[in-house]
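Novice: First, the structure itself, so that you have it in front of you.
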Amino acid sequence: MKNLLILLVVFLCFACKNENSKMALSQAVVQDYSNLFDEIAIEKLTEKIIAYEQKTSNQICIYTIDSLPNNENMLDKATTIANTLGVGTEDKSNGLLILISNYDRRIAIATGYGTEKIITDSIAQAIISTTLIPKFKNALYFEGIDNALDSLFVKWN
(Lines give C-alpha, C1' and ligand atoms only; values in the text may rest on other atoms or scores of the structure.)
Protein backbone atom coordinates (compact mmCIF):
# COMPACT_ATOMS: atom_id res chain seq x y z
CA MET A 1 0.00 0.00 0.00
CA LYS A 2 2.81 2.38 0.89
CA ASN A 3 4.53 1.71 -2.46
CA LEU A 4 1.28 2.39 -4.29
CA LEU A 5 0.93 5.74 -2.51
CA ILE A 6 4.52 6.71 -3.37
CA LEU A 7 3.96 5.69 -7.00
CA LEU A 8 0.80 7.80 -7.13
CA VAL A 9 2.58 10.86 -5.69
CA VAL A 10 5.45 10.50 -8.18
CA PHE A 11 2.99 10.14 -11.07
CA LEU A 12 1.07 13.25 -10.00
CA CYS A 13 4.29 15.25 -9.71
CA PHE A 14 5.29 14.35 -13.26
CA ALA A 15 1.79 15.02 -14.57
CA CYS A 16 1.76 18.46 -12.97
CA LYS A 17 5.25 19.22 -14.23
CA ASN A 18 4.30 18.35 -17.83
CA GLU A 19 1.17 20.52 -17.69
CA ASN A 20 3.12 23.45 -16.24
CA SER A 21 5.84 23.05 -18.88
CA LYS A 22 3.23 23.18 -21.64
CA MET A 23 1.67 26.26 -20.06
CA ALA A 24 5.04 28.01 -19.70
CA LEU A 25 5.90 27.21 -23.32
CA SER A 26 2.53 28.54 -24.46
CA GLN A 27 3.06 31.75 -22.55
CA ALA A 28 6.49 32.07 -24.10
CA VAL A 29 5.32 32.03 -27.72
CA VAL A 30 1.90 33.74 -27.56
CA GLN A 31 1.47 36.47 -24.97
CA ASP A 32 -1.90 38.06 -25.58
CA TYR A 33 -2.25 40.92 -23.10
CA SER A 34 -4.83 42.67 -25.28
CA ASN A 35 -7.14 39.64 -25.55
CA LEU A 36 -7.18 39.56 -29.33
CA PHE A 37 -7.25 35.76 -29.48
CA ASP A 38 -9.50 33.14 -27.94
CA GLU A 39 -8.07 30.03 -26.28
CA ILE A 40 -8.39 27.91 -29.44
CA ALA A 41 -6.51 30.50 -31.52
CA ILE A 42 -3.74 30.71 -28.92
CA GLU A 43 -3.44 26.93 -28.89
CA LYS A 44 -3.29 26.71 -32.71
CA LEU A 45 -0.72 29.50 -32.99
CA THR A 46 1.34 27.96 -30.20
CA GLU A 47 1.34 24.55 -31.87
CA LYS A 48 2.30 26.07 -35.21
CA ILE A 49 5.16 28.12 -33.76
CA ILE A 50 6.51 25.26 -31.66
CA ALA A 51 6.40 22.84 -34.60
CA TYR A 52 8.34 25.36 -36.70
CA GLU A 53 10.87 25.90 -33.93
CA GLN A 54 11.40 22.16 -33.52
CA LYS A 55 12.00 21.85 -37.26
CA THR A 56 14.31 24.87 -37.67
CA SER A 57 15.39 26.11 -34.20
CA ASN A 58 14.06 29.58 -35.19
CA GLN A 59 12.01 31.12 -32.39
CA ILE A 60 8.92 33.30 -32.75
CA CYS A 61 6.81 35.17 -30.19
CA ILE A 62 3.46 36.86 -30.72
CA TYR A 63 3.00 39.64 -28.16
CA THR A 64 -0.06 41.89 -27.87
CA ILE A 65 -0.53 44.99 -25.74
CA ASP A 66 -3.34 47.51 -25.42
CA SER A 67 -1.20 50.55 -26.22
CA LEU A 68 2.31 51.96 -26.16
CA PRO A 69 3.39 54.56 -23.66
CA ASN A 70 3.68 58.07 -25.16
CA ASN A 71 6.64 58.74 -27.42
CA GLU A 72 7.76 55.11 -27.46
CA ASN A 73 8.92 53.70 -30.79
CA MET A 74 7.04 50.52 -31.76
CA LEU A 75 10.03 48.68 -33.20
CA ASP A 76 12.24 49.66 -30.25
CA LYS A 77 9.56 48.33 -27.88
CA ALA A 78 9.32 45.07 -29.85
CA THR A 79 13.10 44.65 -29.75
CA THR A 80 13.19 45.34 -26.01
CA ILE A 81 10.45 42.78 -25.36
CA ALA A 82 12.19 40.17 -27.54
CA ASN A 83 15.49 40.73 -25.74
CA THR A 84 13.83 40.62 -22.32
CA LEU A 85 12.03 37.38 -23.14
CA GLY A 86 15.12 35.87 -24.75
CA VAL A 87 13.45 35.11 -28.08
CA GLY A 88 15.99 33.37 -30.32
CA THR A 89 18.97 31.23 -29.47
CA GLU A 90 22.00 33.02 -28.11
CA ASP A 91 24.43 31.53 -30.62
CA LYS A 92 22.29 32.09 -33.75
CA SER A 93 20.28 35.15 -32.70
CA ASN A 94 17.42 33.60 -34.67
CA GLY A 95 14.42 35.13 -32.96
CA LEU A 96 11.47 37.12 -34.23
CA LEU A 97 8.77 38.93 -32.27
CA ILE A 98 5.52 40.28 -33.67
CA LEU A 99 4.25 43.10 -31.47
CA ILE A 100 0.65 44.26 -31.85
CA SER A 101 -0.54 47.41 -30.11
CA ASN A 102 -4.30 47.11 -30.25
CA TYR A 103 -5.60 50.61 -29.49
CA ASP A 104 -2.75 52.31 -31.34
CA ARG A 105 -3.46 50.06 -34.34
CA ARG A 106 0.24 49.50 -34.87
CA ILE A 107 2.34 46.41 -35.62
CA ALA A 108 6.07 45.79 -35.55
CA ILE A 109 8.21 42.78 -36.39
CA ALA A 110 11.51 42.72 -34.50
CA THR A 111 14.22 40.32 -35.62
CA GLY A 112 17.42 39.06 -34.08
CA TYR A 113 20.74 39.76 -35.81
CA GLY A 114 20.78 36.31 -37.40
CA THR A 115 17.17 36.58 -38.52
CA GLU A 116 17.47 40.05 -40.05
CA LYS A 117 19.83 38.69 -42.70
CA ILE A 118 16.88 36.73 -44.11
CA ILE A 119 13.78 38.57 -42.84
CA THR A 120 14.88 42.09 -43.68
CA ASP A 121 13.01 45.21 -42.59
CA SER A 122 11.48 45.51 -46.06
CA ILE A 123 10.23 41.90 -45.98
CA ALA A 124 8.81 42.44 -42.48
CA GLN A 125 7.10 45.64 -43.61
CA ALA A 126 5.66 43.89 -46.67
CA ILE A 127 4.18 41.16 -44.47
CA ILE A 128 2.68 43.79 -42.19
CA SER A 129 1.24 45.79 -45.12
CA THR A 130 -0.05 42.96 -47.29
CA THR A 131 -0.95 40.25 -44.79
CA LEU A 132 -1.55 41.61 -41.31
CA ILE A 133 -3.18 44.99 -41.87
CA PRO A 134 -5.87 43.79 -44.32
CA LYS A 135 -6.94 41.02 -41.92
CA PHE A 136 -6.71 43.21 -38.83
CA LYS A 137 -8.94 45.87 -40.44
CA ASN A 138 -11.67 43.22 -40.40
CA ALA A 139 -10.81 42.11 -36.82
CA LEU A 140 -9.47 38.81 -38.18
CA TYR A 141 -6.50 38.72 -35.84
CA PHE A 142 -5.96 34.97 -35.81
CA GLU A 143 -6.18 34.72 -39.59
CA GLY A 144 -3.78 37.62 -40.02
CA ILE A 145 -1.15 36.16 -37.69
CA ASP A 146 -1.65 32.66 -39.11
CA ASN A 147 -1.12 33.93 -42.66
CA ALA A 148 1.84 36.07 -41.58
CA LEU A 149 3.46 33.03 -39.99
CA ASP A 150 3.01 31.11 -43.24
CA SER A 151 4.71 33.95 -45.15
CA LEU A 152 7.53 34.14 -42.61
CA PHE A 153 8.11 30.38 -42.75
CA VAL A 154 8.43 30.48 -46.54
CA LYS A 155 10.87 33.40 -46.45
CA TRP A 156 12.85 32.04 -43.51
CA ASN A 157 13.54 28.58 -45.01
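Novice: Per residue of the range 96-102, in order, report the coupling 6.51 cos²θ - 1.76 cosθ + 1.60 (Karplus, θ = phi - 60°) as ³J(HN,Hα) in whole Hz, putting x for Gly and Pro.
Specialist: Per-residue couplings from phi come out as 8, 10, 9, 9, 10, 9, 4 Hz.
Novice: With the cut-off at 20 Å, tell me which of the pairs K55/K77; K48/K77; K48/K117; K55/K155; K92/K155 have Cα atoms farther apart than that. The partial results should precede the final answer.
Specialist: Values: K55/K77 28 Å; K48/K77 25 Å; K48/K117 23 Å; K55/K155 15 Å; K92/K155 17 Å.
Pairs exceeding the cut-off: K55/K77; K48/K77; K48/K117.
Novice: Using a/c under 1.5 as the rounded threshold, could you call the range 102-157 rounded, prolate or oblate? The axes a ≥ b ≥ c are square roots of the C-alpha gyration tensor eigenvalues, and prolate needs a/b larger than b/c, oblate otherwise. Let's see the in-between values first.
Specialist: On the way: a/c = 2.47, a/b = 1.65, b/c = 1.50.
Here the range 102-157 falls in the prolate category.
Novice: So with the 1.4 Å probe, I'd like the accessible area per residue for the range 37-103, rounded to whole Å². Please list the in-between numbers first.
Specialist: Working: 3590 Å² over 67 residues.
Counting only protein heavy atoms, the per-residue value for the range 37-103 is 54 Å².
Novice: Next up: Short version: ³J(HN,Hα) in whole Hz for each residue of the range 54-69, in order, from phi by Karplus 6.51 cos²θ - 1.76 cosθ + 1.60 (θ = phi - 60°), x for Gly and Pro, what are they?
Specialist: Result, ordered by residue: 5, 6, 10, 6, 6, 10, 10, 10, 9, 9, 10, 9, 6, 7, 8, x Hz.
Novice: Sequence-distant or interchain residues sharing an amide H contact under 5 Å with Q31, placed H: which?
Specialist: I62, Y63, T64
Novice: Right, another one. Which of the peptides 136-142, 43-49, 105-111 is most tightly packed, and how do the rest follow, going by the mean number of other Cβ atoms within 10 Å of each residue? List each step's numbers first, then the result.
Specialist: Values: 136-142: 14.4, 43-49: 17.4, 105-111: 21.1.
Listed from highest to lowest mean packing, they are 105-111, 43-49, 136-142.
Novice: Could I ask something else about it? Just check the range 19-157 against the gyration tensor rule for me: Cα atoms, a ≥ b ≥ c as the square roots of the eigenvalues, rounded for a/c under 1.5, and otherwise prolate or oblate depending on whether a/b exceeds b/c.
Specialist: Numbers: a/c = 1.25, a/b = 1.09, b/c = 1.14.
Rounded is the answer for the range 19-157, as its axis ratio a/c remains below 1.5.
Novice: Now, a different point. Amide H neighbours of R106 under 5 Å, counting only residues 5+ apart in sequence or on other chains, H built in-plane at 1.01 Å?
Specialist: Placed amide hydrogens put S101 under 5 Å from R106.
Novice: What dipole magnitude, in Debye to the nearest 20, does the range 64-118 give about its Cα centre under +1 on Lys/Arg Cβ and -1 on Asp/Glu Cβ? Intermediate values should be presented prior to the final figure.
Specialist: Details: 5 positive and 7 negative charges, 31 e Å.
Here the size comes out at about 160 debye.
Novice: Hey, what do the phi angles of the range 77-86 turn into as Karplus ³J(HN,Hα) couplings, whole Hz, using 6.51/-1.76/1.60 and θ = phi - 60°, x for Gly and Pro?
Specialist: Using θ = phi - 60°, the values come out as 5, 4, 5, 4, 4, 4, 5, 5, 6, x Hz.
The values are calculated or read from the model by the stated rules, or taken from the named source; none is laboratory data. In this text the structure is predicted, and so the values were computed from the model without any measurement. Positions of Cβ are backbone-derived with ideal geometry, glycine not excepted, and every protein chain shown enters the neighbour counts. Quick note on the areas: whole protein, heavy atoms, side chains included, nothing else; ligands and nucleic acids left out. Shrake-Rupley method; radii C 1.70, N 1.55, O 1.52, S 1.80 Å.
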